[in-house]
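*Asks:* My questions will all concern the structure given below.
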Amino acid sequence: MKSGQLFIAKSKEPLSIRWSRELSSEPSSITISKDRAGRYFVSMLCEFEAKRGRPSPMPISNKTVGIDLGLHDLFITSDGEKSGNPRHTKRYERKLAYLQRQLSKKQKGSSNRAKAKLKVARLHAKIADCRMDATHKASRKLINENQVVCVESLKVKGMIKNPKLAKHIADANWGEFVRQLQYKAEWAERQVVEIDRFFPSSKRCSGCGFVHESLPLSIREWECPECKAHHDRDINAALNIKTAGLAGLVGGA
Ligand SMILES: [Zn+2]
């Protein structure tokens, strides 16, 4: 069935609707909901015939990638690709602060307060949508291109006691990103390997294994004193994560 116009009881005009996907059959039930930002959602229950009862696996790829959470990027890959970070929170932060200030000035119980509250909720929803969109696109691309994706678990990331980084982890939504990688990998019969024990991914030279005693976050590039390799801090970490992930696969850890 081609998705077309939607009429609900008593509506003469079709609803102004944005379809998220095509319907696979006539819906057997329709649920309409409204979120705190005042947006309406229509969910339809449809039947579809799945091949072998599940989404189809992707052809086997011979590519493996390690990814690391960056300070400036959502992630950096062992191939040297930097994702960039939408940083929507930052872009909208000032607007949000302004709207929240307006809200605090409104009298409790007034209709102006209700309107201001809705504006704040709408902006929050917009930020969440942009963030979700970016992580979905990125996780889809990584799973499409690689048979195995190695990541450090959030548990390890949480061990880094750096308030700046901690805020960024929340901003970049690392946990959600890893969750998306995992279910997309499962559908495609590809693999996400989580490294959940401590591993000096940033401080170790991916070339020769030399480990620095400390490497402050401010140092973005360094030269290995042993093998003289020149490293971009984040790409080097992603390379180490890839190595550790593959070692775990082989060793069954
Ligand atoms: Zn080295």
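The values are calculated or read from the model by the stated rules, or taken from the named source; none is laboratory data. Worth saying up front: this structure is predicted, and the values here are computed from it rather than measured. Heads up, the Cβs are rebuilt from the backbone with ideal geometry, glycines too, and the neighbour counts pull from every protein chain shown. Keep in mind that these areas ignore ligands, DNA and RNA; they rest on the heavy atoms of the full protein, side chains included. Shrake-Rupley method; radii C 1.70, N 1.55, O 1.52, S 1.80 Å.
*Asks:* How many of the residues in the range 215-252 are at negative phi and more than 29 Å from the chain's Cα centre (by Cα)?
*Replies:* Within the range 215-252, the subset at negative phi is 215-227, 229-251.
Subsequent filtering for residues that are more than 29 Å from the chain's Cα centre (by Cα) retains 223-227, 229-230.
So the answer is 7.
*Asks:* I'm trying to understand the selection: among the residues of the range 110-148, which are β-branched (Val, Ile, Thr) and not in a helix (DSSP H, G or I)?
*Replies:* First, the residues of the range 110-148 that are β-branched (Val, Ile, Thr): 120, 127, 135, 143, 148.
Scanning the range 110-148 gives a single hit, 148.
*Asks:* Only one of 149, 193, 156, 120 is among the β-branched types (Val, Ile, Thr) and modelled with pLDDT of 95 or more. Can you tell me which?
*Replies:* Values: 193 fails: modelled with pLDDT of 95 or more; 156 fails: modelled with pLDDT of 95 or more; 120 fails: modelled with pLDDT of 95 or more.
None of the other options fit; the residue is 149.
*Asks:* Continuing with this model, one more query. Mind listing just one residue for me: the one in the range 188-211 that is aromatic (Phe, Trp, Tyr) and more than 16 Å from the ligand (Cβ to nearest atom) and, of those, least open to solvent (accessible area, probe 1.4 Å)?
*Replies:* Here is the first cut: in the range 188-211, the ones aromatic (Phe, Trp, Tyr) are 198-199, 210.
Restricting the remaining residues to those that are more than 16 Å from the ligand (Cβ to nearest atom) gives 198-199.
Details: 198: 130, 199: 47 Å².
Filtering first and then ranking leaves 199.
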